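Taken together, the values in this text are just the output of simple stated rules run on the coordinates, not laboratory data. From a predicted model like this one, the values you see are computed outputs, not experimental measurements. So basically every Cβ, Gly included, is an ideal-geometry build from the backbone, and we count neighbours across all protein chains shown.
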Amino acid sequence: MELWPQPLSQTKGASLLGYARVSTDDQRLDMQFDALTRAACTQVYYDHGVSGAKAARPGLDELLDALQAGDTLVVYKMDRLGRSVLHLADLLTRLDKDGVHFCSLTEGINTATPGGKLVFHIFAAIAEFHRDLIRENTRNGLAAARTRGARLGRPPKLSVEDVVEAHRLLHQEGWSVASLLERFEVSESTLLRGLRRLV
């Protein structure tokens, strides 16, 4: 049961924009649409039959392009937005940088409130912590493999640090894939393969 059965309040001139997602074609969006409508979202973007693990989600991408400072992104549940803890943390960090509020009806999170603002800071810390773990685990894994005498082959075109930074730029800073390809001088398949290792 969502905590906001009645419309959310909003700043004058700002919009409440909803996002809904289901993973398979046979699932229905009705419950999420109903909750977002009751929360007074002026428009609801959605992805139907799109797994959270997919790199491209057209509805979410369109929503992120439409959001303006002062707007609120509303979801029925947090897991509808992010495909992993790192992805969710990066998206929330990006919203905070862009001056966009976030509201999850089921979890009772609303960053337009003083208590809710803490959520942005927690998720920013989680994102950084998760990146540090990825770097450390990769370094330790490679060192252990070398100790066992394993042949590691040639190094990948993108280092772990490069992949972690590309993920941050894509999801926190809103860089396009084309910009990342130019920045790291790799093919799209190499970049996407690296990013998939993080989720």
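For this structure, a couple of remarks:
- Cα-derived Rg over Rh, computed across segment 15-119 with Rh taken as Kirkwood radius: 0.93
- Segment 154-199 - percent relative contact order, Cα under 8 Å, separation 6 or more: 48 percent
- For K97, the aspartates and glutamates whose Cα comes closer than 16 Å to its Cα, not counting residues fewer than 8 places off in the same chain, are D65, D71, E128, E173.
- Share of Cα-Cα pairs in segment 154-199 lying beyond 16 Å, as whole percent: 25 percent
- Within the straight-line cut-off of under 18 Å between alpha carbons, the aspartates and glutamates reachable from K157 are E165, E182, E185, E188, sequence neighbours fewer than 8 places apart in one chain being disregarded.
- Extension gain, N140-R197: 0.36 nm per intervening residue step, less the Cα-Cα distance, totals 18.9 nm.
- Taking M31, M78 and counting other C-beta atoms within 10 Å, the order from fewest to most: M31, M78
- Cβ-to-Cβ counts within 10 Å put H87, H121 in ascending order as H121, H87, the fewest first.
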